[in-house]
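The block underneath contains the structure these notes are about, expressed in structure tokens.
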Amino acid sequence: MTLDGRTALITGAAQRLGRAIAEHLASAGARVAVHYHTSETAAQDVVRAIRAQGREAEAFTADLAIPQAVERLADQVSTEFGPPDILVNNASLFEPTPVATLDQRAWDRHLAINLTAPYVLSLRVGRAMQERGAGKIVNITDTMVARPHPDFLPYGVSKAGLVALSQGLARALAPAVQINCVAPGPILPATHSTPTRDATILSRTPAGRFGDPMDVAAAVLHLVEASTFVTGTTVTVDGGRGLT
């Protein structure tokens, strides 16, 4: 898919991986709908950076924990900016949830933001893509799907569900729409990490460093731009962490 003139909706695009993905797709020619929840200032910075490239961008806000707000986001972007040709479900909640203190609220919020919101968006946007005859959806998952961590149980379950959702929709919306996942490993230190934990992660990563958000953005661009014969799969970006 050539990105020139194509509309891309990217959730959680104001910061970290989402910002890198937004700016990288824009550099390849896409018009970018920058979704954010509370980070309006950061989202507007992304919009300005993309416009400085000579590309189009607009910021859209929505609380992804509310399904009705997710539906409104899809409709607003389609009406005000153009129907998305590309959807990147990047936004996610990632909080420590030790089993000893895990409660229903934490479980529900992780599942709502990390799984239900991508489901609602993918269905609403994906059906429209199918009617138009083409579209790309990329879901950002996590290598934790294959290596569950007991202190992040709802997060891991939500990301595993997102992989299953991607595979099911890849079949349901074929052949017009291709749906894939990108699973980052140690790309950036977590905001709640510690130097000791970071050192342990690096010691178990053959690449010997944390990855850059652009490593993930490049994988997303490849899935969107390079092929229409890749669907229902996951591209792992982890510096070899899964080998150890």
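The values are calculated or read from the model by the stated rules, or taken from the named source; none is laboratory data. The shown structure was predicted, so the numbers you read here are calculated from the model rather than taken from an experiment. Quick reminder, even Gly has a Cβ in these numbers, built from the backbone with ideal geometry, and neighbours come from all protein chains shown.
Miscellaneous remarks
- The residue list Ala69, Ala65 contains one member that is under 30 Å from Asp151 (Cβ atoms), in contact with a Lys or Arg (Cβ under 7 Å, 6 or more places away or on another chain) and not in a strand (DSSP E or B), which is Ala65.
- Checked against the criterion of being more than 15 Å from Arg124 (Cβ to Cβ), more than 16 Å from the chain's Cα centre (by Cα) and not hydroxyl-bearing (Ser, Thr, Tyr), the candidates Gly54, Gly12 yield just one match: Gly54.
- Tally of residues being touching an Asp or Glu at 6+ places or on another chain (Cβ under 8 Å), small (Gly, Ala, Ser) and more than 18 Å from His222 (Cβ to Cβ) across the stretch 132-167: 1
- Summed over the stretch 161-198, residues that are farther than 25 Å from Asp108 by Cα, in a helix (DSSP H, G or I) and touching a residue at least 60 places away in the same chain (Cβ under 8 Å) total 2.
- Members of the stretch 107-142 found to be of a type in the set (D, E, K, R) and in a helix (DSSP H, G or I), listed by number: Asp108, Arg109, Arg124, Arg127, Glu131, Arg132
- Answer residue from the stretch 65-94, given it is under 22 Å from His24 (Cβ atoms) and of a type in the set (A, V, I, L, M, F, W, C) and is farthest from the chain's Cα centre (by Cα) among those: Phe81
- Filtered residues of the stretch 1-60 (kept if surrounded by 22 or more Cβ atoms within 10 Å (Cβ to Cβ) and among the aromatic types (Phe, Trp, Tyr)): Tyr36
- Pairs linking a residue in the stretch 9-27 that is at positive phi and among the β-branched types (Val, Ile, Thr) to a residue that is at pLDDT below 95 and assigned to a helix (DSSP H, G or I), with Cβ atoms under 6 Å and 6 or more positions apart or on different chains, do not occur.
- For the stretch 211-227, taking the residues that are at pLDDT 90 or above and either touching a Pro at 6+ places or on another chain (Cβ under 7 Å) or among the polar types (S, T, N, Q) (or both), the one that is surrounded by the fewest Cβ atoms within 10 Å (Cβ to Cβ) is identified as Gly211.
- Close pairs from the stretch 125-137: first more than 19 Å from Pro67 (Cα to Cα) and among the small types (Gly, Ala, Ser), partner in a helix (DSSP H, G or I) and at pLDDT 95 or above, Cβ under 6 Å, at least 6 apart: Gly135/Met129
- Condition check for Ala74: hydrophobic (A, V, I, L, M, F, W, C), over 30 Å from Pro189 (Cα atoms) and either buried (at least 17 other Cβ atoms within 10 Å of the Cβ) or touching a Phe, Trp or Tyr at 6+ places or on another chain (Cβ under 6 Å) (or both): yes
- Sub-6 Å Cβ pairs linking a first residue in the stretch 213-228 that is on the phi > 0 side of the Ramachandran plot to a second residue that is at pLDDT below 95 and not basic (Lys, Arg), at least 6 apart or interchain, number zero.
- Test: residue in the stretch 189-197 that is closer than 20 Å to Ala146 by Cα, among the basic types (Lys, Arg), surrounded by 15 or more Cβ atoms within 10 Å (Cβ to Cβ) and out of contact with any Leu (no Cβ under 9 Å at 6 or more places or on another chain): no
- Selection within the stretch 199-244 - of a type in the set (Val, Ile, Thr), closer than 30 Å to Gly135 by Cβ and not in a loop (DSSP other than H, G, I, E, B): Val216, Val220, Val224, Thr234, Val235, Thr236, Val237
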